[in-house]
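To start, the structure itself, in structure tokens.
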Amino acid sequence: MGKCGGHELNYVSDVDVIFVAEPRDGVDESKAVQAATRLAARLVRLCSDVTAEGTIWPVDANLRPEGRNGPLVRTLSSHLAYYQRWAKTWEFQALLKARPMAGDAELGRAYIDAVTPLVWQVSERENFVPDVQQMRRRVIENIPAAQIDRELKLGPGGLRDVEFAVQLLQLVHGRTDATLRRANTLAALAALAAGGYVGRADAASLDAAYRFLRAMEHRIQLHKMRRTHLVPDNEADLRRLGRSLARPFGWPSGVEPVEYLRKEWKRHAREVRRLHEKLFYRPLLDAVAQLEPGETRLSAEAAGQRLGG
């Protein structure tokens, strides 16, 4: 799940996972799930433990059904029952990045085959688009006021603005256009541009901004190998960060690194926020989400009549 599922890991990312297990023929299901749970818990502990030689990587299983309050391991039928009856909109949004990663390959494919249709039906839910929009607003509202201007990931004009805009467009249009069903953010953005759902110039701007912001994020984390998304506020760290980005992004020679870093960061952030507002709050999105799947291919005249009615 998450960045691991989308092939987008940072240097200090945790790995988001969901565990699914099935009993062998003739094995009691409850005993099989108990055994699988012991195995999964041991795997999480081994990967996450801090030892004298360091850590493999932190493993986070909290995206599973019911989060930390739910069982660590479920059968495929139990997963499906949860997603069909109780899952919230954000849980289907998270499943956009799901991919089989380890264990029984056949079971992994069966899991993806089972949940994929549910993902591409979620936009038909009542108030789907307003729910996703409100979710993004809540994320911003929960950022401490003292950090919001330095928050590279969650703040306005940050990485989440790109990801939420791309994912909302995927979920609305992807139910009838399978080319949009990509786990990777930039691959999905390219597919949206190719399909005409995002203007090519807008997509190019978002792509460039996302690459720049992710590069900033990587270098901030690499400095002390800490999982942080806050841009440093002291001159020495900003200078180091600016100098590390100058060559990869072709900055003019002789520029003052701190000043140019701030200029480029704010330029990209403004563009991301502008395009996020344009795409994420597009008035027709909610109307398109409410159309029947067959109606999304109406002619322009017929679509205008349908939406006008």
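What to note about this one:
- Failed condition for GLY196, given (1) surrounded by 18 or more Cβ atoms within 10 Å (Cβ to Cβ); (2) farther than 23 Å from ALA94 by Cβ; (3) of a type outside the set (Val, Ile, Thr): (1)
- Residue check for VAL33: of a type in the set (A, V, I, L, M, F, W, C) and farther than 27 Å from LEU118 by Cα: no
- Qualifying residue in region 173-188 (condition: at pLDDT 95 or above and of a type in the set (Lys, Arg)): yes
- Which listed residue is closer than 20 Å to LEU159 by Cα and in contact with a Gly (Cβ under 7 Å, 6 or more places away or on another chain), from VAL231, VAL272: VAL272
- Failed item in (1) farther than 22 Å from ARG273 by Cα; (2) open to solvent by less than 50 Å² (accessible area, probe 1.4 Å); (3) in a loop (DSSP other than H, G, I, E, B); (4) of a type outside the set (A, V, I, L, M), with ARG227 passing the rest: (2)
- Where TRP251 falls short, out of the listed (1) touching a residue at least 40 places away in the same chain (Cβ under 8 Å); (2) farther than 25 Å from ILE143 by Cβ; (3) among the hydrophobic types (A, V, I, L, M, F, W, C): (1)
- Residues satisfying the stated conditions in region 63-77, i.e. in contact with a Leu (Cβ under 8 Å, 6 or more places away or on another chain) and closer than 19 Å to VAL15 by Cβ: ARG64
- Evaluated against (1) part of a helix (DSSP H, G or I); (2) within 26 Å of TRP57 (Cα to Cα), ALA203 falls short on exactly one condition, (2).
Okay, residues lined up against (1) open to solvent by 20 Å² or more (accessible area, probe 1.4 Å); (2) under 16 Å from the mean Cα position of the chain (by Cα); (3) not acidic (Asp, Glu):
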{"site": "TRP90", "(1), (2), (3)": "yes, yes, yes"}
{"site": "GLU106", "(1), (2), (3)": "yes, no, no"}
{"site": "ASP113", "(1), (2), (3)": "yes, no, no"}
{"site": "ASN127", "(1), (2), (3)": "yes, no, yes"}
{"site": "LEU159", "(1), (2), (3)": "no, yes, yes"}
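- Pairing each residue of region 32-49 that is more than 17 Å from THR75 (Cβ to Cβ) with any residue that is β-branched (Val, Ile, Thr), provided the two are 6+ apart or on different chains, yields C-beta distances under 6 Å for VAL44/VAL59; CYS47/ILE56; CYS47/VAL59; SER48/VAL59.
- Flag if GLU301 is among the acidic types (Asp, Glu), at pLDDT below 95 and part of a helix (DSSP H, G or I): yes
- Test: ARG136 is under 23 Å from LYS97 (Cα atoms) and surrounded by 15 or more Cβ atoms within 10 Å (Cβ to Cβ): yes
- Scanning region 251-298 for residues that are among the acidic types (Asp, Glu), modelled with pLDDT of 65 or more and over 19 Å from VAL198 (Cα atoms) yields GLU256, GLU259, GLU264.
The values are calculated or read from the model by the stated rules, or taken from the named source; none is laboratory data. Since we're looking at a predicted model, the values are computed, not measured. Every residue, glycine as well, gets a Cβ built from its backbone with ideal geometry; the counts of neighbours run over all protein chains shown. Heavy atoms of the whole protein, side chains included, go into the accessibility calculation; ligands, DNA and RNA do not. Shrake-Rupley method; radii C 1.70, N 1.55, O 1.52, S 1.80 Å.
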